[in-house]
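J.: Before we start, here is the structure in question, set down as structure tokens.
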Amino acid sequence: MKKVLVLGMAFALSGCAIYDAITMAKFDNHEYALVNDIRSSVVVARPRCGTSEEKPLVQQLYVQSLTLKNYSQYIPKNNPTIKMTSELHEIIQGLHDKYQGQEPVSAAYCNLKLNLIEKNAEVMQRSIGGKPR
Amino acid sequence: MNLDQLLRELNDHPDDAVANWAADAHELQTQLKSNAISLAEYKELLQDLLRGQEIIKSANDLDTQSAINQATHGLLALASLA
């Protein structure tokens, strides 16, 4: 009975936002590991910007971000994470497309892109790591 | 006030997200001016900065949800003790 009262009070405070928070997707080890893989791959790839070794590393990064995007997509009540994984994949897609083209990819562009990817992956990892257990 | 000055001022903004965005945008300006990146790359990277803001916004939403979830379960635990 007390639980019902507490929940009732919570809903009365702000309805949907509270309900969304109570029913949100919980911490998922695999989701967290996939973001960590992306962040770690960036650290490995960055010193190789401007070399021929970069292309397979970017391909790996692309597969990892696509895997994360697809993995998070159908987890119920996972909207903020779905939004983040989609945006991150869009950023990585741009880098991937450049490496699939005929034009050489400049080291400066590669470095700037990987810096942005790493920053965003870290923001995501911190937030996803804070999901309730 | 020109764009460089504006970005430098935003660089000192008290909100970390704004300051970081301004620092990144200023870096892109610098790289474009020195021809280290092309105009097309510059536009793509600016678009990425906007995507980064969306990621920060969603991360903040997720952090808020997590805090409410934990607080609610804490309240429920207290209620079951009473």
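J.: Based on Cβ point charges of +1 for Lys and Arg and -1 for Asp and Glu, what charge dipole magnitude is obtained for the stretch B:3-81 about its Cα centre, in debye rounded to the nearest 20?
T.: It works out to roughly 120 debye.
J.: Please compare each pair in A:Lys98/B:Lys57; A:Lys26/A:Lys83; A:Lys55/A:Lys119; A:Lys119/B:Lys57 to a cut-off of 18 Å on the Cα-Cα distance and tell me which ones are over it.
T.: Cα-Cα > 18 Å for A:Lys98/B:Lys57; A:Lys55/A:Lys119; rest within.
J.: If you count, for every residue in A:16-27, the Cβ atoms of partner chains within 10 Å of its Cβ, what is the mean?
T.: 4
J.: Going by amide H atoms built from the backbone, whose H comes under 5 Å of the H on A:Lys131, apart from near neighbours?
T.: Amide H neighbours of A:Lys131, under 5 Å, 5+ apart: none.
J.: For the stretch B:3-81, with the dipole built from +1 on Lys and Arg beta-carbon atoms and -1 on Asp and Glu ones, taken about the Cα centre, which of B:Ser66, B:Ala22, B:Leu10 lies farthest toward the positive end?
T.: Looking along the dipole axis, the top candidate is B:Ser66.
J.: For the stretch B:3-81, what value does the Rg/Rh ratio take when both radii are computed over Cα atoms and Rh is the Kirkwood radius, given to two decimals?
T.: Ratio value, two decimals: 1.28.
J.: Just the isolated ones, please: cysteines in the protein assembly as shown lacking another cysteine beta carbon under 4.7 angstrom.
T.: A:Cys16
J.: Quick check on packing: order A:97-105, A:23-31, B:53-61, B:24-32 by the mean number of other C-beta atoms within 10 Å, highest mean leading.
T.: The peptides rank, most packed first, as B:53-61, B:24-32, A:23-31, A:97-105.
J.: Between A:Pro47, A:Met24, A:Asn120, whose Cα lies farthest towards the positive end of the dipole of the protein assembly as shown when Lys and Arg beta carbons carry +1 and Asp and Glu beta carbons carry -1, centred on the Cα centre?
T.: A:Met24
J.: Nothing charged except the Cβ atoms of Lys and Arg (+1) and of Asp and Glu (-1): what's the magnitude of the dipole of the stretch A:47-94 about its Cα centre? Round to the nearest 20 debye.
T.: Using only the charged Cβ atoms, the result is roughly 180 debye.
Readers should treat all values here as calculations from the given coordinates under stated rules, not as data from a laboratory. From a predicted model like this one, the values you see are computed outputs, not experimental measurements. Heads up, the Cβs are rebuilt from the backbone with ideal geometry, glycines too, and the neighbour counts pull from every protein chain shown.
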